[in-house]
Amino acid sequence: SQQGEEDPQALSIQEGENATMNCSYKTSINNLQWYRQNSGRGLVHLILIRSNEREKHSGRLRVTLDTSKKSSSLLITASRAADTASYFCATDASDDKIIFGKGTRLHILP
Amino acid sequence: DAGVIQSPRHEVTEMGQEVTLRCKPISGHNSLFWYRQTMMRGLELLIYFNNNVPIDDSGMPEDRFSAKMPNASFSTLKIQPSEPRDSAVYFCASSLAAGGLFGNEQFFGPGTRLTVL
């Protein structure tokens, strides 16, 4: 797998349910970021978690980071139609590169 | 602030033509990034600048691609000559870098959708 690879590639859930997306990476990182991209738009930053942090919250978003497993998860609680978008993780590797995954396409069903 | 501004929003050109994409970063930001997004390859970092100086252009696919940042409020990405495989959405992003170039929120522009026929 590539650095910053999201899983699943696509996810459809009912409005009101929780959505969980995962990101795995290969090399050690300084921090990991999650971004959202609505169709035809640029990416919007959601949350940044540093390598010495294990969990972070922002509104309905919860991000966890497990550096031992080289993985992160993004949880969106009480999903809404407006959450329909693609979600990307981006890793800031120690070699001073940033790499985005290919994203998870989330579709919230009414 | 108007956010990161990119122009044009859409560009359709013929193979062999020169293409110039433009970006105005958010005022006060000191880092600027150019990305390319395709279905096959996802989002790729092409080049980034810090304080108007190119730091790393290892992501630029070929010599046909070049980027400049003559001042803190303007950057261009040029493709000469363009080829059909350059068709993609090109994003510009800026950030206020502190404590590492990538440890900060990046603000993305709306992108330029390039189609090379």
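A few notes on this one:
- Residue check, B:Leu45 away from chain A (no Cβ under 14 Å) and among the aliphatic types (A, V, I, L, M): no
- Looking across the range B:75-117, just one residue is part of a loop (DSSP other than H, G, I, E, B), modelled with pLDDT of 95 or more and aliphatic (A, V, I, L, M), and that is B:Leu117.
- Candidate set: the range A:53-81, residues that are in contact with a Leu (Cβ under 9 Å, 6 or more places away or on another chain) and in a loop (DSSP other than H, G, I, E, B); chosen: the one surrounded by the fewest Cβ atoms within 10 Å (Cβ to Cβ): A:Arg54
- Residue within the range B:61-72 that is in a strand (DSSP E or B) and within 14 Å of another protein chain (Cβ to nearest Cβ) present: no
- Within the range B:83-112, tally of residues that are without any contact (Cβ under 8 Å) to a residue 40 or more places away in the chain, farther than 19 Å from A:Asn31 by Cα and within 11 Å of chain A (Cβ to nearest Cβ): 0
- Per the listing A:Gly103, A:Gly40, A:Gly16, the residue uniquely touching a residue at least 24 places away in the same chain (Cβ under 8 Å) and within 27 Å of B:Gly111 (Cα to Cα) is A:Gly103.
- Matching residues in the range A:21-50 - criterion: being polar (S, T, N, Q) and either at the interface with chain B (Cβ under 10 Å from one of its Cβ atoms) or more than 15 Å from A:Asp66 (Cα to Cα) (or both): A:Asn30, A:Asn31, A:Gln33, A:Gln37, A:Asn38, A:Ser39
- Within the range B:56-77, the set of residues being surrounded by fewer than 20 Cβ atoms within 10 Å (Cβ to Cβ) and under 14 Å from B:Ser94 (Cα atoms) comprises B:Asn71, B:Ala72, B:Ser73, B:Phe74, B:Thr76.
- All told, A:Val63 meets the bar of being more than 13 Å from every other protein chain (Cβ to nearest Cβ), of a type outside the set (Ser, Thr, Tyr), under 30 Å from B:Tyr48 (Cα atoms) and within 12 Å of the chain's Cα centre (by Cα).
The values are calculated or read from the model by the stated rules, or taken from the named source; none is laboratory data. Bear in mind the structure is a predicted one, so any value in this text is a computation, not a measurement. FYI the Cβ positions are ideal-geometry reconstructions off the backbone, even for glycines, and counts take in every protein chain you see.
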